[in-house]
Amino acid sequence: MKTILLIDDSETQRVVLTDRLQRLGYVVTSAADGRAGLRELYNRRPDIVLLDVLMPELDGWGTLERIREISDVPVIMLTSQDTEIDRVRGLRGGADDYVGKPFSPAELAARVEAVLRRTGEREKVRDRFDDGVVMIDFGTRDVTIRGNAVHLTPLEFRLLAALTEHAGQVLSRDQLLDLVWGSTYDVTDDQVKTYIGYLRRKIGDDAVDSQLIETVRGFGYRYRRQT
């Protein structure tokens, strides 16, 4: 059974959503604030997080930022501030979906199922990639470049995984957004370019004389398999 971590300072909301999600077969653990939620995340390793935005002390934005520093677990933001600016902020911050209050438990359950299904499809990749230069262990999330260990953030790891999975193929901005971010919603070309730059610096790949990630102007990016 999939485990859901619900982080919300409203006891009523926690009780209602926990009951509904448990009836659907999920294991639900909850926390009343961001700090407690981060402890639960570390201890329970949930399959998905439902994260309220407006909470005292450490709010949803701060909690999301800390989650993304240590995990790529799917996150659905829950908030009464259902504006375009907030939705964009959530998605750009690494959230997988954004649900405005009020919402029905049935709608939320459908969103949870959709995100878990999409995440499961993304994870159907090889156990290991190794072309003699780049080695990726998808089970442990370890990455080595020319024998040297490299630390990547969860988003950088997903970006490298997408590029190597489609080695030799040019991936457009929209394809990368779908494969890496899980959405094409209002994310700019600059954001994709920025994260390609972050990844290149981590793996020692010069953007001007690229050995690994090639920029195909007007089309996208391509990973050059080395063997």
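The values are calculated or read from the model by the stated rules, or taken from the named source; none is laboratory data. Just so it is clear, the structure is predicted and the values come from calculations on it, not from any experiment. Because the Cβ atoms are built from the backbone with ideal geometry, glycine has one as well, and the counts that use them run over all protein chains shown.
General observations
So that you can scan it fast, the table gives a plain yes or no per residue for (1) of a type in the set (A, V, I, L, M, F, W, C); (2) within 28 Å of Asp178 (Cα to Cα); (3) in contact with a strand residue (DSSP E or B) (Cβ under 7 Å, 6 or more places away or on another chain):
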site: Leu38; (1), (2), (3): yes, yes, no
site: Leu51; (1), (2), (3): yes, yes, yes
site: Leu78; (1), (2), (3): yes, yes, yes
site: Gly90; (1), (2), (3): no, yes, yes
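- Any strands (runs of 3 or more DSSP E) falling wholly within region 1-92 and containing at least 1 residues that are at pLDDT below 90 and not assigned by TED's automatic domain parsing to the domain that holds Asp178: 75-79
- Single unsatisfied condition, Val170 versus (1) outside the structural domain of Ser71 (by TED's automatic domain parsing); (2) β-branched (Val, Ile, Thr); (3) buried (at least 16 other Cβ atoms within 10 Å of the Cβ): (3)
- Applying a threshold of 7 Å to beta carbon distances and a minimum spacing of six or more residues, or different chains, the list of pairs starting in region 131-159 at a residue that is hydroxyl-bearing (Ser, Thr, Tyr) and ending at one that is surrounded by 15 or more Cβ atoms within 10 Å (Cβ to Cβ) reads Thr144/Met135; Thr144/Val150.
- Complete set of residues in region 11-36 that are in contact with a helix residue (DSSP H, G or I) (Cβ under 9 Å, 6 or more places away or on another chain) and closer than 16 Å to Phe103 by Cβ: Val16, Leu17, Asp19, Arg20, Leu21, Leu24
- Some residue of region 149-163 being among the aromatic types (Phe, Trp, Tyr), surrounded by 19 or more Cβ atoms within 10 Å (Cβ to Cβ) and closer than 19 Å to Gly120 by Cβ: yes
- Checking Glu65, Glu40 one by one, the residue that is surrounded by fewer than 16 Cβ atoms within 10 Å (Cβ to Cβ) and out of contact with any helix residue (DSSP H, G or I) (no Cβ under 7 Å at 6 or more places or on another chain) is Glu65 and no other.
- Applying the condition of being modelled with pLDDT under 90, under 23 Å from the mean Cα position of the chain (by Cα) and not in a helix (DSSP H, G or I) to region 177-220 and asking which residue is nearest to Ala167 (Cα to Cα) yields Gly182.
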